[in-house]
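The values are calculated or read from the model by the stated rules, or taken from the named source; none is laboratory data. Since the model is a prediction, treat every value here as computed from it, not as a measurement. Neighbour counts run over all protein chains shown; Cβ positions are idealised from the backbone, glycine included.
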Amino acid sequence: MFRSDPILIVGGGLGGLTTALALARRGRSVRVLEGAPEFGAIGYGIQFGPNVFHVFDRLGLMDQVLAVADSPAAVVMLDALDGKELVRIPTGATLRARFKYPYIIVHRVDLHNVLLDACRGSAAIELVADAMVNGFEDRGDGVVVTTADARTFSGPALVAADGFRSLFRAALIGDGEPRPTGYAALRTIVPMAELEVDVPRDRVVLWGGPGYHVIHYPLRHGALFNIVAVFRTATHAERADAATYRAELEHIYRDAHPSVHALNAMMDFRWRRSVADRDPVRHWHQGRIVLLGDAAHAPLQTLAQGACMAIEDGLCLAETIHAADGQFAAAFRRFEALRLARTARVQLESRALWDSLLHAEGIARDVRNATVSGWDETHMFDCLTWLYDGASFPAKIGH
Ligand SMILES: Cc1cc2nc3c(=O)[nH]c(=O)nc-3n(C[C@H](O)[C@H](O)[C@H](O)COP(=O)(O)OP(=O)(O)OC[C@H]3O[C@@H](n4cnc5c(N)ncnc54)[C@H](O)[C@@H]3O)c2cc1C
């Protein structure tokens, strides 16, 4: 029964769609079940390191991605109290020469649409929207899922790319809710023409302050401006009205540079999230079900690599399934072995830098500022080599 069915992918985010494309390129048919009424993304900015282009290149999507993306002039970190530049990662020709591919900033909707268009162009991929999976059974020779509207789908294996609050992670790993950090995040996008604050508009800028940061960069070839504010607060998981949120923001950022205040004044309070991540775990599969992307290893956004890891996972998993000639247990074990140390390092380094680099306060801020004062381009590139050089993808098993 199951052998002839398409492989099931639950979740049509960046990880799920990349997996679908990579499997289809290897001749496998797949069915992607997405819980939202339509396939799509929430509109805000996302950054991608050069490592993700190893995947886009292999999938033949370089031109399409570059057409909707921009390369920032640099990624810089400023001290949010006095505005001094602390760290600079050049993202122009020298980065490209060192890591082969560019660093980009892109509207998530545009990137999502590149992947969706490619999926729609493949006869091997079926996209099923409005299919919120609420139950599943691994029957040994295949997996059957049910959706909230009582449909059932079956497949020889299932890839759970269902994100941060994964139904499948809850069942396979059972480690409860994501780990809250005590921080909340706000984000907004404004037309560039309406931006009156005197800040650089051609690069990624991160203002690191005591218990808070703000990050901003342009989108859509300079037409839009993306701002994210992240701050420690006892109310990170609570709901309140805009006036309460605004008063809280002004209080928390009271010592910040005037430009940071002006950026925060543009914040939209409708999207406010508690910031959380996951502890690394060693195994992401059970039987014929495997977790991928945030469902397997959600990091904090410090290194801007969560989506990059989900995309790398997608290619790696498809290649392990192909290399194992569809022997899913062997493929899933190999996938975990290839991906564990890299994704866990992203999770753990993101946590460590969250406190020591982004949010240092008091004497720790002095220590940070003294430490980073010696970081030049060579040092930055050396530190990022493990990440930006890209992941290992499997060769055929037995060859
Ligand atoms: C503020 C912020 C900034 C970030 N910036 C960056 C960045 O610059 N660069 C970067 O690489 N990463 C960044 N990330 C991380 C990135 O957003 C995630 O790591 C990435 O979206 C994970 O992709 P995914 O496909 O695993 O999961 P998701 O994108 O969460 O997709 C999961 C999909 O599954 C669907 N789904 C869930 N449950 C079900 C179900 N039961 N049935 C059917 N469908 C279901 C959802 O609707 C969704 O479409 C950032 C995160 C945050 C919060």
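Descriptive notes on the structure:
- Helices (runs of 4 or more DSSP H) contained in the range 298-382 and holding at least 3 residues surrounded by fewer than 24 Cβ atoms within 10 Å (Cβ to Cβ), over 25 Å from the mean Cα position of the chain (by Cα) and not aromatic (Phe, Trp, Tyr): 363-372
- Arg88 meets the conditions (1) outside any helix (DSSP H, G or I); (2) within 30 Å of Phe225 (Cβ to Cβ); (3) away from the ligand (no atom under 12 Å from the Cβ); (4) free of Cβ contacts under 8 Å to residues at least 24 places away in the same chain in every case but one. The failed one is (4).
- Beta carbons closer than 6 Å, at least 6 apart along the sequence or on distinct chains, pair a first residue in the range 128-142 that is among the polar types (S, T, N, Q) with a second that is within 9 Å of the ligand (Cβ to nearest atom) for Asn134/Ala148.
- Note on the range 15-54: residues that are part of a helix (DSSP H, G or I) and at positive phi total 0.
- Residue pairs whose Cβ atoms lie under 9 Å apart, sitting 6 or more positions apart in sequence or on different chains, and linking a residue in the range 150-166 that is modelled with pLDDT of 95 or more to a partner that is in a loop (DSSP other than H, G, I, E, B) and of a type in the set (Ser, Thr, Tyr), are Pro156/Ser4; Ala160/Ser166.
- When each of Asp162, Asp175, Asp110 is tested for being of a type in the set (Asp, Glu), within 22 Å of the chain's Cα centre (by Cα) and not in a loop (DSSP other than H, G, I, E, B), the lone residue that passes is Asp110.
- Applying the criterion of being assigned to a strand (DSSP E or B) and of a type in the set (Lys, Arg) to the residues of the range 184-235, the residue that is surrounded by the fewest Cβ atoms within 10 Å (Cβ to Cβ) is Arg232.
- Considering residues of the range 383-399 that are crowded, with 16+ Cβ neighbours inside 10 Å and aromatic (Phe, Trp, Tyr) only, the residue nearest to Glu319 (Cα to Cα): Phe393
- Only one of the numbered conditions (1) more than 16 Å from the ligand (Cβ to nearest atom); (2) assigned to a helix (DSSP H, G or I); (3) of a type in the set (Lys, Arg) is not met by Arg282, and that is (2).
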